[in-house]
Amino acid sequence: MNYISTRNNSNSFEFKDVFIKGLADDGGLFVPKSLHKYTHNDLLEFKNLEYSELAKKIIQPFIGDFMSENDLNKIINKSYSVFRKKNVVDLIKVGDRSVLELFHGPTLAFKDIAMQLLGNFYEYYLKNENQKINIVVATSGDTGAAAIDAIKGKNNVNIFVLHPNNRISPVQRKLMTTGKEKNVFNIAVKGNFDDCQNLVKAMFADKTFAKEIKMSGVNSINWARIIAQSVYYFYSYFLIDDNEKPINFSVPTGNFGDVYAGYLAKKIGLPINKFIVATNQNDILHRAISKGNYDIENVSETITPSMDIQIASNFERLIYDLKDHSDKKTNEVMKNIKEKGKYIIDNESLDKINIDFLSSRMDENEVLETIKNVYENFNIVLDPHSAIGYGAFDKVNLNGSNIVLATAHPCKFPNAIEKAINVKAKLPKELAFVLDEKENYDIIENNLDKIKQHIKKRV
């Protein structure tokens with residue numbers, strides 16, 4: 001399979017280029033030149049596969065000759081052997097909807113599912129190519145811990161993680177900053193997540209710097225993460241007993257990567273009805289999908305820090321589809337967003353979006369109330385992000401089988417949980433030690449030159 005950039009579709013790339021680069025040199029995002037679509041008979045063959053076997057089937061067409069089928073099988077088996085569930089995820093019934101638990105990996109967040117695979121892809125690639133790289137990644141809380149766990153201790157690769165200082169939960173931070181591996185570097189930026197993300201994008205855009213440090217990225221824009229995440233949409237779909245009913249997914253959304261993975265699954269043949277893009281009060285995506293107003297505003301700090309985002313990077317891939325795969329038109333939109341901070345979606349494009357996507361928003365009080373109601377009625381504790389996904393079905397009335405993506409373990413947000421239900425959410429025993437471990441990170445101003453110098457001294 002060949003890939004192109006959303007901002008220049010004249011050049012073609014192989015999967016290994018897409019995976020290593022993360023972001024295209026022109027600032028665009030990689031997308032497949034064409035897609036293989038599964039038939040109804042193909043889906044019937046997939047229906048009873050275990051998670052790892054299904055992952056092999058879904059991922060193989062996207063990677064081409066990046067590695068042999070046998071090597072892919074080994075890497076997938078290795079990647080998912082570290083999860084607490086045999087089949088990686090768990091689907092449980094909570095009231096009138098199902099909750100897909102995606103947090104049974106090493107760092108208790110859905111991002112482990114893709115990141116463990118990426119870590120082993122890196123190890124395979126660097127060994128075969130005899131290369132060294134430096135991964136630079138921005139995190140709103142969970143990505144950093146997942147990336148570090150996947151990369152720590154591996155040869156020929158360092159990882160630099162930028163997180164917003166004092167804007168993630170203590171548990172999220174400690175899962176990143178208590179490791180002792182020499183190839184891991186944590187940077188607390190004096191700013192918000194969008195500042196961190198913009199710093200990483202600027203470093204990628206600085207071709208001299210990116211080449212000098214052999215820079216690579218594992219943020220949600222990395223296509224390898226998208227394809228890995230698409231697998232659990234297939235798996236959970238097959239777990240629903242009655243596939244005659246329309247199946248809808250509610251996805252707690254910040255950077256649009258996880259919900260885009262579901263959209264990809266639909267594009268390649270999974271008969272999903274609707275996706276609800278569920279946001280917190282930093283609701284740029286809700287305003288875009290419900291009213292056509294993609295207007296960047298100031299980010300407020302909330303109890304759902306992984307969603308405290310205004311610039312949803314993966315939304316560019318959807319824009320590219322809306323613009324009929326025109327790189328010129330996509331460039332115009334992205335330039336307008338960068339210069340004016342807004343994009344008014346025309347009615348025709350909005351109608352196209354609403355074929356697949358609906359949206360909702362929740363404020364702080366609504367999040368806490370949802371956690372409380374679910375706990376009191378079903379004795380299930382949802383983390384605040386998952387609560388936003390759960391509550392979305394109360395705001396958007398959809399018939400059929402409704403699945404909520406539970407993206408993180410509630411123990412990562414103990415203050416919010418205690419405030420909602422007066423219960424202290426505890427880390428699993430195997431991870432409790434991090435609370436007492438010494439942390440190691442550097443606090444640096446939101447300044448590109450200072451961040452680059454800091455990184456260069458350590459590569």
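What follows draws every value from the coordinates through simple rules; no lab data is involved. All figures in this text were calculated on a predicted structure; none of them were measured in a lab. Here the Cβ positions follow ideal geometry from the backbone for every residue, glycine too, while neighbour counts run over all protein chains shown.
The table below gives the values:
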quantity	calculated
Test item: Cα-centred dipole of the chain, Lys/Arg +1 and Asp/Glu -1 on Cβ, debye	1120
Centre separation in Å (Cα based) which lies between the stretch 180-248 and the stretch 311-386	17
Dipole of the stretch 7-56, positive end: most advanced residue of Ser52, Val18, Asn8 [Cβ charges, Cα centre]	Asn8
Charge dipole (debye, nearest 20) of the stretch 219-361; +1 at Cβ of Lys and Arg, -1 at Cβ of Asp and Glu	260
Beta bridges per DSSP with both ends in the chain, % antiparallel, nearest 5	30
Qualifying GluC sites (Glu not before Pro) for the stretch 292-337 [loop in DSSP, other Cβ within 10 Å: at most 15]	Glu297, Glu301
Cleavage-rule hits, trypsin sites (Lys or Arg not before Pro), the stretch 124-180, DSSP coil, Cβ neighbours within 10 Å at most 14	Lys132, Lys180
Charged-residue dipole, Cβ positions (Lys, Arg, Asp, Glu), the stretch 158-271 about Cα centre, Debye nearest 20	500
Unsatisfied cross-links (Cα-Cα over 29 Å) in the set Lys127/Lys452; Lys78/Lys323; Lys182/Lys214; Lys132/Lys174; Lys21/Lys74; Lys340/Lys457	Lys78/Lys323; Lys340/Lys457
Estimated 222 nm signal from helices in the chain, with DSSP H stretches of n ≥ 4 weighted -39500 (n - 2.57), rounded to 500	-13500 deg cm²/dmol
For Phe357, distant residues with modelled amide H under 5 Å away	Phe275
Set of aspartates and glutamates with alpha-carbon distance to Lys352 below 17 Å, sequence-local pairs under 8 removed	Glu316, Asp321, Asp324
Among 58-70, 10-22, the order from most to least packed when residues are scored by Cβ within 10 Å on average	10-22, 58-70
Most positive-pole-ward Cα, Val200, Thr139, Val82, against dipole of the stretch 78-205 from beta carbon charges	Val82
Positive-end residue, the chain charge dipole about Cα centroid, Cβ charges, pick of Pro305, Val99, Phe378	Pro305
Residue-by-residue Karplus 3J(HN,Hα) for the stretch 41-54, coefficients 6.51, -1.76, 1.60, Hz, glycine and proline x	5, 4, 5, 4, 5, 7, 4, 9, 6, 5, 4, 4, 5, 5
Neighbour-limited loop hits for chymotrypsin sites (Phe, Trp or Tyr not before Pro), the stretch 278-334 (at most 14 other Cβ within 10 Å; DSSP other than H, G, I, E, B)	none
For Lys47, residues with placed amide H under 5 Å, excluding near neighbours	none
